[in-house]
Each structure stands twice: as C-alpha cells, then as structure tokens.
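Student: Supplied in structure tokens, the structure appears directly below.
The values are calculated or read from the model by the stated rules, or taken from the named source; none is laboratory data. Owing to the predicted nature of the structure, the values given are computational and were not obtained by experimental measurement. Cβ placement follows ideal geometry from the backbone for every residue including glycine, while neighbour counts extend to all protein chains displayed. Only protein heavy atoms, including side chains, enter the accessible area calculation; ligands, DNA and RNA are left aside. Shrake-Rupley method; radii C 1.70, N 1.55, O 1.52, S 1.80 Å.
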Amino acid sequence: MPLVSAGWWAASIATAAFVILLPIALIVFAHVRLRVAWRYAAWGALIFFLFQLVTRVPLIQVAQYFLTPQLRASRALLLAFILFAALTAGIFEEVGRYVGYRWLMGREEKTWAKGVMYGLGHGGLESAVLIGGVSILQLVNIGLIVSTNMAIVPAAQRATAAHEIATIAAQPGWLPLLGGWERVCALTAHVALSLIVLQVFRRGSLGWLWLAIGLHFLLDATVALNTFGPFSARGNLLLTEGVITLLAIGAAWVIFVLRDRSAAPSPATSDEAALDQPAA
C-alpha cells in the first residue's frame, strides 16, 4: 500500500481544526466588535440545521444513492445532478434565511451587524459540522485503513479503498490546505448572502431573495469544474478554487457596499433603531 505523506496528514489535521475554529473566532470577534448579541449567530445556525442538515442534505443523499448507476454512466446526467444540487442549495438556504429574518427576528430592526452575525452562524455551522466534522471522520477512517493494511475493509470494497489511498498518497502535502481557504471564501459568501436577503426587509422587495438564490446557485455550481473542467484533476481543482476566490472577493465587496448604504437608519426607523440598540 502506498504511504500517505506526513505533510498530507499535518495539512489535513490543521485544515480540519481551522474550519472548526475559524467560525467560532469570527463570531466572537463580531460579538465584541459589532456589539451584536450571540442569539443572531445561533439563529443562523438553527436555520442551516433545519433547512440543510434536516431536510435538503438527506433528500439529496437519497436521490444520489438511487441514481448512482445512472450518474456513473452518463456525464450529462451527472452535470444535471450537480446543477440541481446547487439550485436546491440556493433555494433551501436562502429561503431559510428569509424565514429566519421574518419569524425569528420578527418586527425588530434588522441591522447590518445582525445580518453579519446571522450569516456567520449559518456558514459557521456548515464549516464546523458539515465540513470539519466530516473531515475528522474521514481522517479517522483513512488512518484505520492504513494502519490495518485494509484488514478492516470488506473484501468487495478493497479495490476501491486501495484506489482512494493511492490517490491521496499521490497528492502534494499542501493540497488539503485548499479546504481551509475555501472555507474562508465560503464564510465570506454566507455573510454577503445573508446581507442580500436582509435587503428584502430593508428595501421592501423580494427581488433581493431571488438575487441571493441565483448567486448561491452560481457559487455552488463551481463544483462542476472539478469534473468537467478542461485540465487535469489537480488543475481543475485549482481552477475551481480560483473561481471561488473571485466570487469571494465579490462577496466582500457586497458586504462593504451594503454596510455603507445601510449605515444610517432611515427617518422612519430611527426611533425604533434607537430603542433596539441596547438589545443588539
């Protein structure tokens, strides 16, 4: 069995820890810097849990299980499924954000700072649980396979496991670090999307919700480049991360622009904002 390099293990463990600790650090920073209550991060996490982990993710996994033979046989169907998954992610998550703003925050003033905290909670749970938690389980599984020389793997699955270990062994040690960078970009996007949905209430138009769904779909659809990009597997991965980086830069710009425009409350809400400020 090919050996997995110490550099790969170190980078993978560091990345798993990073994607768990990063959102926690950002939420603490936002609480102190923006003087916004913890509950908005908790509400964002709750919305992600209900609209992704409890509903959409299990449905997608069931569909993928039953469609696996067809997805392996048809690249066109595989692309359609990837785009469908991206679209459902946009719909479930952004509608979920809208529901959270409408029902959890009620009639209280929906400020930029609350939107930032809300987005950090939403993206933070994804980063810590869906990415970090799964990464830890995968590392434990790989460690068991390598340490037992695949003795724990059923005979029917050993060829697949051997191929996966060989693929990992061929990777450069730094490659897992891209997962940490991707989470930085994803958290930036989560905050921007939360602020875009926030505009439904600040500006009174559902068009902002449709915009958030479309941008979320665009972000998640980049995963198709891993399979359908024009380069090698590693080249396509770097291409995907490059596109995600550009989208994250755009998301950072959105965060800045919306903060600038919403810094001063309108005359109609200034009294309400003044009353609500101590609770923020």
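Student: Given 0.36 nm per residue, what is the gain on full extension from THR245 to ILE13 after removing their alpha carbon distance, in nm?
Tutor: Full extension from THR245 to ILE13 adds 81.3 nm.
Student: Given the -39500 (n - 2.57) contribution per DSSP H run of 4+ residues, what per-residue ellipticity at 222 nm results for the chain, rounded to the nearest 500 deg cm²/dmol?
Tutor: Working: 12 runs with 204 residues, N = 280.
Computed mean residue ellipticity for the chain: -24500 deg cm²/dmol.
Student: Extending each Cα 7 Å along its Cβ direction at LEU137 and THR55, get the distance between those two points in nm, one decimal.
Tutor: Modelled inter-label distance: 2.2 nm.
Student: Rank by packing, highest mean first: peptides 106-114, 60-68, with packing defined as the count of other Cβ atoms within 10 Å averaged across residues.
Tutor: Numbers: 106-114: 17.7, 60-68: 11.6.
Listed from highest to lowest mean packing, they are 106-114, 60-68.
Student: Same structure again: Just the ratio, please: alpha-carbon radius of gyration of region 173-212 over 2.2 N^0.38 Å, N its number of residues.
Tutor: With N residues counted in region 173-212, Rg over 2.2 N^0.38 Å equals 1.65.
Student: So how much slack lies between LEU218 and GLU164, counting 0.36 nm per residue of separation and subtracting their Cα-Cα distance, in nm?
Tutor: Net length gain for the segment: 16.5 nm.
Student: Hey, another quick one. Between VAL32 and LEU104, what FRET efficiency follows from the Cβ-Cβ distance if R0 is 22 Å, with the result rounded to 0.05?
Tutor: Working: r = 23 Å, r/R0 = 1.02.
Efficiency, rounded to the nearest 0.05: 0.45.
Student: Given the Cα atoms of the chain, and with Rh set as the inverse mean 1/r over their pairs in the Kirkwood sense, what is Rg to Rh to two decimals?
Tutor: The Rg/Rh ratio comes out at 1.02.
Student: How much of the accessible area of the chain, in percent, comes from carbon and sulfur atoms when a 1.4 Å probe is used?
Tutor: Carbon with sulfur: 70 percent of the solvent-accessible area.
Student: Right, something else. If the chain between ALA80 and ALA151 were fully stretched, how many nm would it gain, using 0.36 nm times the residue separation less the Cα-Cα distance?
Tutor: Length gained, ALA80 through ALA151: 21.8 nm.
Student: Report the FRET efficiency, 1/(1 + (r/R0)^6), for LEU130 and THR227, where r is their Cβ-Cβ distance and R0 is 22 Å, rounded to 0.05.
Tutor: It comes out at approximately 0.60.
Student: Additional query: Under DSSP H, which helices of the chain have Cα atoms covering 18 Å or more of the helix axis and a Kyte-Doolittle average no less than 0.0?
Tutor: The qualifying helices are 6-34, 57-73, 75-99, 112-125, 134-147, 177-203, 207-221, 233-261.
Student: Can you tell me which of 47-58, 93-104 comes out highest on packing, and rank the rest after it, using the mean Cβ neighbours within 10 Å?
Tutor: In decreasing order of mean packing, 47-58, 93-104 become 93-104, 47-58.
Student: Using only the Cα atoms of region 1-76, build the gyration tensor, take square roots of its eigenvalues as a ≥ b ≥ c, and label the shape rounded, prolate or oblate: rounded if a/c is under 1.5, else prolate if a/b is larger than b/c, else oblate.
Tutor: Working: a/c = 4.00, a/b = 1.32, b/c = 3.02.
Oblate, since a/c reaches 1.5 and b/c is not below a/b.
Student: Can you pull the accessible area of VAL153 for me, 1.4 Å probe, Å² to the nearest 10?
Tutor: VAL153 has an accessible surface of roughly 10 Å² with all protein chains in place.
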